[in-house]
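Asker: This is the structure I have questions about; it appears just below.
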Amino acid sequence: MKKVLFLAVLGILTLCGCTKGSGFQKLDEWTEIWKTGQQTYFGYPANQESELQDFYEWYVSTGMDRVNLNNAGDPMTDDPWNMSTQAFEKEVIEFFTPLYGFDKDDVWGIVTHSGTDGNNHGIYFGANDLYNKTGKLPIVYVSDEAHYSNMRLCDLQNLEVKLIKSDPMGRMIPEELEKALDTTKPALMVYAMGSTFKGAIDDMQALNAVLDKHPEMAIYRHVDAALFGGYLPFTEYRKMVSSKEQHFESIAISGHKFFGIDSPSGLFLCTRKVYDNQNNYNVTYLNDNMKMINCSRDAVQPLKFWWLIQKVGYDKWSEQANGMIECTAYLEQELTKIGWPCWRNEYSNTVFFKRPAPEICSKYNLALGYDEHFGGELAHIVVMQHVTKAKIDGFIQELQ
Ligand SMILES: Cc1ncc(COP(=O)(O)O)c(C=O)c1O
């Protein structure tokens, strides 16, 4: 019955020109299901208000949709390859360089395929940098609440990992790092800048203080800032993601989370010193030394990033970032008002709380977690641009 009704509505909408069908019923049905679900997409860190409609209009109207684009090669040269979008990619990296506290004369970066791709570069560059300095492979230290991609990538790169216990709110415990440190080997620190479920930020100052006790040890610090690295530079907490302030060598950020790129992408930035200390593979048919992991790289995502920098830019991203922080505080306040147990880390746009009934979890696409410290079954909401106060009110009403 529901399906018949749905098809009837879809038919009427198509007839009156309100929506353009693809001619494939399965695809049209899925599109409508998705658009409805998008309204209550609360559990995952994706900005559902992508502002790329005019990009696609430009893309199709100029015939670029019929062109094969590939960014194989290094965008950070003086003369990026014209038959790619590397010149735009370079401008994207230059826009973000000061926002992550790098100096324009001491930075290297690329638009990546995802946050995971950025972490892959951070771990790979870190391990090479330390090996080339000391002749020893490092041990990777990462908290047990960090995103699983970091552990997976260490596995892939055959690196020894020590998982450091985190406190109940999800931050790596400095005393546990101290106990685990093997000072005979270099240390590759992966700091979580917004752990996936609880939104915890590792206390880099406290952890660095532990490392400072061992000046004989070579250290590399990579920051996994997949989500938080998007909005923090546009808030009063910008120092948290500044290499100058926090002394990290590299950082990875997702493009499809805060920035609203409509499919996976990301940013990776590191110091030029780190880049220069990577292994050389001179590839004469490309424009330079290929130090990055991938040969072919997406050339459309850098264009989308560049487009959004022109169109949305610093001021509007600042407005959005501060709006998200305000709505996160609102969600926490409203949950507290109705007596629903909830928790939030400082600087975080993620609120985790006692898990509601399965129908609510399903309707709002809530991500699920489990932790005995907080009574067992949990769920979380990540307050992105589309999670407005009005939608939060609707959610709270349903909870009640
Ligand atoms: C903290 C953190 N790191 C890394 C990732 C992986 O990023 P991506 O999905 O862009 O590969 C995520 C994804 O949610 C994340 O939350």
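The values are calculated or read from the model by the stated rules, or taken from the named source; none is laboratory data. Note that the structure is a prediction, hence the values are computed from the model and not measured. FYI the Cβ positions are ideal-geometry reconstructions off the backbone, even for glycines, and counts take in every protein chain you see.
Asker: Quick test for you: out of G115, G101, pick the one residue that is assigned by TED's automatic domain parsing to the domain that holds I219, within 16 Å of the ligand (Cβ to nearest atom) and in contact (Cβ under 8 Å) with a residue 60 or more places away in the chain.
Answerer: Working: G101 fails: within 16 Å of the ligand (Cβ to nearest atom).
After ruling out the rest, the residue left standing is G115.
Asker: Among the numbered criteria (1) free of Cβ contacts under 8 Å to residues at least 60 places away in the same chain; (2) in the same structural domain as V351 (by TED's automatic domain parsing), which one does Q39 miss?
Answerer: Of the numbered conditions (1) free of Cβ contacts under 8 Å to residues at least 60 places away in the same chain; (2) in the same structural domain as V351 (by TED's automatic domain parsing), the odd one out for Q39 is (1).
Asker: Please state which one of Y364, Y347, Y285, Y314 is closer than 30 Å to N132 by Cβ and among the aromatic types (F, W, Y). First the steps, then the outcome.
Answerer: On the way: Y364 fails: closer than 30 Å to N132 by Cβ; Y347 fails: closer than 30 Å to N132 by Cβ; Y314 fails: closer than 30 Å to N132 by Cβ.
Just one listed residue meets the conditions, Y285.
Asker: Quick check on region 194-201. Is at least one of its residues of a type outside the set (D, E), surrounded by fewer than 22 Cβ atoms within 10 Å (Cβ to Cβ), in a loop (DSSP other than H, G, I, E, B) and within 16 Å of the ligand (Cβ to nearest atom)?
Answerer: Of the residues in region 194-201, the ones of a type outside the set (D, E) are 194-201.
Now drop any that are not surrounded by fewer than 22 Cβ atoms within 10 Å (Cβ to Cβ), which leaves 197.
Restricting the remaining residues to those that are in a loop (DSSP other than H, G, I, E, B) gives 197.
Going one step further and asking which of them are within 16 Å of the ligand (Cβ to nearest atom), we end up with 197.
The answer is yes; a qualifying residue exists.
Asker: If you don't mind, another one. (1) assigned to a loop (DSSP other than H, G, I, E, B); (2) away from the ligand (no atom under 16 Å from the Cβ): which one isn't true of F248, the others all being true?
Answerer: It is condition (2) that F248 fails.
Asker: Hey, another quick one. Only one of these is on the phi < 0 side of the Ramachandran plot, away from the ligand (no atom under 16 Å from the Cβ) and in contact with a helix residue (DSSP H, G or I) (Cβ under 6 Å, 6 or more places away or on another chain): L308, L303, L269. Name it.
Answerer: From the options L308, L303, L269, the qualifying one is L303.
Asker: Now a separate question. Out of L130, L137, L153, L69, I need the residue that is aliphatic (A, V, I, L, M), away from the ligand (no atom under 16 Å from the Cβ) and assigned to a helix (DSSP H, G or I). Which one?
Answerer: On the way: L137 fails: assigned to a helix (DSSP H, G or I); L153 fails: away from the ligand (no atom under 16 Å from the Cβ); L69 fails: assigned to a helix (DSSP H, G or I).
Going through L130, L137, L153, L69 in turn, the sole match is L130.
Asker: State which residue is farthest from R344 (Cα to Cα) when the search covers only region 283-317 and only residues that are polar (S, T, N, Q) and loosely packed, with under 15 Cβ neighbours inside 10 Å.
Answerer: Filtering first and then ranking leaves T284.
Asker: Follow-up. Can you list residue pairs whose Cβ atoms sit under 8 Å apart, with the first residue in region 173-193 being of a type in the set (D, E) and the second being within 16 Å of the ligand (Cβ to nearest atom)? Count only pairs 6 or more apart in sequence or on different chains.
Answerer: Qualifying pairs under 8 Å: E176/I164.
Asker: Follow-up. Just to be sure I understand, how many residues within region 62-78 are exposed (fewer than 10 other Cβ atoms within 10 Å of the Cβ) and more than 18 Å from C295 (Cα to Cα)? Working first, answer last.
Answerer: Step one: list which residues in region 62-78 are exposed (fewer than 10 other Cβ atoms within 10 Å of the Cβ), which gives 63, 66, 68, 78.
Narrowing the set further to residues that are more than 18 Å from C295 (Cα to Cα) leaves 63, 66, 78.
Qualifying residue count for the region: 3.
Asker: Moving on. Report the residue count in region 244-259 for those that are in contact with a strand residue (DSSP E or B) (Cβ under 7 Å, 6 or more places away or on another chain) and farther than 24 Å from E326 by Cβ.
Answerer: Let us first name the residues in region 244-259 that are in contact with a strand residue (DSSP E or B) (Cβ under 7 Å, 6 or more places away or on another chain), namely 247-255.
Remaining after also requiring farther than 24 Å from E326 by Cβ: 247-252.
So the count comes out to 6.
Asker: Hey, another quick one. Is it the case, given these coordinates, that Y275 is more than 15 Å from the ligand (Cβ to nearest atom), among the aromatic types (F, W, Y) and closer than 27 Å to D106 by Cβ?
Answerer: Yes; evaluated as a whole, the condition is true for this residue.
Asker: A further question on this structure: Which of the residues spanning region 72-107 are of a type in the set (S, T, Y) and in a helix (DSSP H, G or I)?
Answerer: Taking region 72-107 as the starting set, the residues that turn out to be of a type in the set (S, T, Y) are 77, 84-85, 97, 100.
If the condition is that a residue be of a type in the set (S, T, Y) and in a helix (DSSP H, G or I), then Y100 is the only one that fits.
Asker: For region 203-229, which positions are closer than 22 Å to K273 by Cβ, in contact with a Gly (Cβ under 9 Å, 6 or more places away or on another chain) and aliphatic (A, V, I, L, M)? Show your work before the answer.
Answerer: We begin by selecting, within region 203-229, every residue closer than 22 Å to K273 by Cβ; these are 204, 207-208, 211-212, 214-225, 229.
Narrowing the set further to residues that are in contact with a Gly (Cβ under 9 Å, 6 or more places away or on another chain) leaves 220-225, 229.
If the condition is that a residue be closer than 22 Å to K273 by Cβ, in contact with a Gly (Cβ under 9 Å, 6 or more places away or on another chain) and aliphatic (A, V, I, L, M), then V223, A225 are the ones that fit.
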